[in-house]
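Here's the structure we're looking at; comments come further down.
FYI, it's all coordinate maths here, none of it is from the lab. Since this is a predicted model, take the numbers as computed values, not measurements. Every residue, glycine as well, gets a Cβ built from its backbone with ideal geometry; the counts of neighbours run over all protein chains shown.
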Amino acid sequence: AETPVNVTVTGAAGQIGYALLFRIASGQLLGAQTPVRLRLLEIPAAVRAAEGTALELQDGAFPLLSGVDVFDNPKAAFDGANVALLVGARPRTKGMERGDLLEANGGIFKPQGEAINAGAAADIKVLVVGNPANTNALIAQSHAPDVPADRFTAMTRLDHNRALAQLAGKLGVSVSALKKVTIWGNHSATQYPDVSHALVEGRSVAEAVDRGWLVDEFIPRVAKRGAEIIEVRGASSAASAASAAIDHVYDWVNGTPEGDWTSAAIVSDGSYGVPAGLVSSFPVTSAGGKWEIVQGLEVDEFSRGRIDASVAELTEERDAVQRLGLI
Ligand code: NAI
C-alpha cells in the first residue's frame, strides 16, 4: 500500500473543520487511491472538541484514513506535513480595527510559518483559508524562508465557485458548461470576478449576458456572497468553504483540466501588474503539482481598474503588517 500523506488541518474544531475533515478522510482531497493521516491543530481550549471530532472520524470507518492525531502545538502539528490547510484564524470582533485584526492573525500565522519551515515535508503545499486569507498567507510564507514561496497559497476558490454558480443560474446551464472564469485580487469585497474570457458551451459569456447584469448584479453578488450567507443562514459559510478547499488542493495535486483554468491566490511574480511578492488571486492552471498563472490575457480598461483596486487593498494590508513587524 502507498504510504499515507500527512494532512495538517488548523482550526480543526471549527465549523469549516467539521465539514472538511470528513471529506478529506473519504478520499476527496487527494484522490480515492491515496491514504491520509490527519494531524489536527487547535488552541488548548478547543483540543477536547477536536478530540471529539477525531472519535467521529474513527467511527466513519474510512478505508483511506490511517490515523488522526490532535495537537495544540504548531511545531508538532506540522512535523512531516505534506499538505497544510490553515483554517483557524482570529475573527474580527465588534470594535476591532483592521490593525488589531492583522496583529492578532500575525500572532497565529508567524509561528505556523516558522513551524512549517522547521518541520514540514519537502513537498509541503499550504492553503490558507482563515481570513484575511491572502495576507495571512503572506505572513506565514515570509516566516518560511527555506520553503519555496510558490508552496503558499490562499483560497479564492469559493469565490470562483460562487461565480460559476451565479453564471450557470443566469444562463440556465450546468456549471460544467462554463470555462475560464477568473477571480482577481483579494478574498474580500474588492475582489474582481471577471468573465471577459469566460466561455459558455464555447461561446463568449460576456456576449451571452447583458453588461448591466454583470456590473450591477453579478460582480457585487459574488463579492458580497459571504455576507449574504451570514444574513440568511445566521452563520458564515462553512460547508461551501470546505468544498472549495477540497477543490483547490485536489486540482493542485492532480492538475486542472485541459482547456480550462481556475482561480487561486498565489505569490505574484509581477504578472498583470500585480507587485511581485503579494499573495493575489489569478487565473491559474496546475500541472505536476505546480500552479502557473495563465499568461497573455487581454485586460480591458474596466478590468484594469477593478484589478488595481483590489491589489491596492492587498498592498495596504502588506504595508500594515510590515509596519507591525509581522513580515
Ligand atoms: P470557527 O470559528 O468555527 O473555527 C475556527 C477554529 O480555529 C476554532 O475552533 C478556533 O479554536 C481555531 N483556532 C483559532 N486560533 C487557532 C490557532 N492559533 N491554531 C489552531 N486553531 C486555531 O470558524 P470557521 O467558520 O471554521 O472559519 C475559519 C476561518 O475561515 C475564518 O477566518 C473565516 O473567516 C475563514 N473563511 C474563509 C473563506 C475563504 O473563502 N477564504 C470562506 C469562509 C470562511
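Scanning for something of a type in the set (Val, Ile, Thr), within 8 Å of the ligand (Cβ to nearest atom), closer than 27 Å to SER142 by Cβ and more than 20 Å from the chain's Cα centre (by Cα), does the stretch 26-47 turn up at least one residue? Yes, the stretch 26-47 has at least one match.
Working only within the stretch 141-162, note down all residues that are assigned to a helix (DSSP H, G or I) and surrounded by fewer than 19 Cβ atoms within 10 Å (Cβ to Cβ). Within the stretch 141-162, ALA149, ASP150 qualify.
Restricted to the stretch 183-281, the set of helices (runs of 4 or more DSSP H) holding at least 1 residues that are out of contact with any His (no Cβ under 9 Å at 6 or more places or on another chain) and hydroxyl-bearing (Ser, Thr, Tyr) comprises 239-254.
Filtered by the rule that a residue be within 22 Å of LEU297 (Cα to Cα), charged (D, E, K, R) and outside any loop (DSSP other than H, G, I, E, B), the stretch 163-182 gives a lone residue, LYS179. With on the phi < 0 side of the Ramachandran plot and surrounded by fewer than 13 Cβ atoms within 10 Å (Cβ to Cβ) as the only criterion, which of ALA276, ALA264 stands out? Step by step, each of ALA276, ALA264 is checked, and only ALA276 is on the phi < 0 side of the Ramachandran plot and surrounded by fewer than 13 Cβ atoms within 10 Å (Cβ to Cβ). Among residues belonging to the stretch 111-140 that are small (Gly, Ala, Ser), in a helix (DSSP H, G or I) and under 13 Å from the mean Cα position of the chain (by Cα), point out the one that is nearest to ARG92 (Cα to Cα). Per the stated criteria, the residue is ALA133.
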